[in-house]
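To keep things clear, I will list the structure first and then write my remarks on it.
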Amino acid sequence: MVDNQFSTLYILGVAFSKMTMQESLLFFEKRLDKEIPTHIVTANPEIVMYGNHHPDYLQLLQKVDIVIPDGIGVLIASKKWGKAAIPERVAGFDLLLELMKVANEKGSKVFLLGADEEVNEASFKRLEEDYPNAKLVGRYNGFFKKNEEEHVLNRIMETKPDILFVALGFPKQEEWIAIHKDTLHIPIMMGVGGSFDVLAGKVKRAPLIWQKIGLEWLYRVLQEPRRWKRVLVLPLFLIKAFLLPKRYHKR
Ligand code: UDP
């Protein structure tokens, strides 16, 4: 792995990083130290399928700095490539916590954007308590109106964060980061979906055993039944990934 290069595997047009959690962290630390703006997307089958139906979003996924394999379905699909398969799942929530450890060691500045006001505030307090050396420099809830956008951007830029976590849900958070990446010029910008809801204790993360046997998604559906429709794309994703000849995955 040389500096900003890392190996990838294309699945349905999306280039997934093949780095393990540890390798990813080394990569992000380098980008932090060199202050190179990095847009991180943690993608699961749902996101890939959304991209396959929305060309603009697929193009966005192809332009971001790194797509992390979050979701057991991505790992299963990658087995089509045998020995070249993706070695491990890097869950978005785990990556957030690992990046907070890095921020704690380095005294990096962190800004939290997204989720409702209560959740945003509770996440901020929790991270402040758990990572006392990281500097939690600012926060803003994710329900701002279009005419507040400039104010939000200014709030973020005033605090000069090293890490910006954006919890607006997909595809909104990826689109938002992509639009503002150059203006913000922040080393680590990562879409974190529902992670603040977990940090704030509003939603429970699946117990480790569920995660280990690849059923975190099922635990989530049982907890939030309104999500059941969203996981229906998982079998479709796997069928498409396995049926499509390898050469068509890279496009
Ligand atoms: N959210 C937000 N602004 C919006 C829409 C959503 O801040 O306009 C937040 C919402 O409160 C939740 C997160 O974005 O905290 C989305 O969580 P979800 O688990 O649905 O993420 P996804 O799986 O869609 O990425």
Query raised in the report: Hey, among the residues in region 43-65 that are open to solvent by 20 Å² or more (accessible area, probe 1.4 Å) and within 13 Å of the ligand (Cβ to nearest atom), which one's nearest to the chain's Cα centre (by Cα)?
Result: ASN44
Query - Of residues in region 105-121 being in a helix (DSSP H, G or I) and open to solvent by less than 40 Å² (accessible area, probe 1.4 Å), the one farthest from PHE144 (Cα to Cα) - result: VAL119
Query - Extreme residue, nearest to the ligand (Cβ to nearest atom), among residues of region 216-235 that are closer than 22 Å to PRO171 by Cα and open to solvent by 100 Å² or more (accessible area, probe 1.4 Å) - result: ARG226
Requested in this report: Can you run down the residue pairs with Cβ atoms below 6 Å, 6 or more apart or on separate chains, where the first is in region 205-230 and within 17 Å of PRO45 (Cβ to Cβ) and the partner is assigned to a loop (DSSP other than H, G, I, E, B) and at pLDDT 90 or above?
Outcome: GLU216/ALA206; TYR219/ALA206
Report task. Can you tell me which residue within region 157-174, out of those that are assigned to a loop (DSSP other than H, G, I, E, B) and more than 9 Å from the ligand (Cβ to nearest atom), is surrounded by the most Cβ atoms within 10 Å (Cβ to Cβ)? Result -> PRO161
Report task. Report the residue count in region 141-156 for those that are within 12 Å of the ligand (Cβ to nearest atom) and touching a strand residue (DSSP E or B) at 6+ places or on another chain (Cβ under 6 Å). Result -> 2
Report summary line: In the set ILE68, ILE76, ILE86, the lone residue that is assigned to a strand (DSSP E or B) and either open to solvent by less than 10 Å² (accessible area, probe 1.4 Å) or over 19 Å from GLN22 (Cβ atoms) (or both) is ILE68
Query raised in the report: How many residues does region 90-104 contain that are within 16 Å of the ligand (Cβ to nearest atom) and either open to solvent by 70 Å² or more (accessible area, probe 1.4 Å) or not in a helix (DSSP H, G or I) (or both)?
Result: 2
Query - Extreme residue, surrounded by the most Cβ atoms within 10 Å (Cβ to Cβ), among residues of region 180-215 that are away from the ligand (no atom under 13 Å from the Cβ) and of a type in the set (S, T, N, Q) - result: GLN211
Query raised in the report: Quick one: ILE177 ticks every box in (1) within 16 Å of the ligand (Cβ to nearest atom); (2) at pLDDT 95 or above; (3) open to solvent by 30 Å² or more (accessible area, probe 1.4 Å) bar one, so which box is it?
Result: (3)
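The values are calculated or read from the model by the stated rules, or taken from the named source; none is laboratory data. This structure is a prediction, so every number in the text was calculated from the model and none was measured. All Cβ positions, glycine included, derive from the backbone under ideal geometry; neighbour counts span all protein chains shown. Remember, those area values only see protein heavy atoms, side chains included, never the ligands or the DNA or RNA. Shrake-Rupley method; radii C 1.70, N 1.55, O 1.52, S 1.80 Å.
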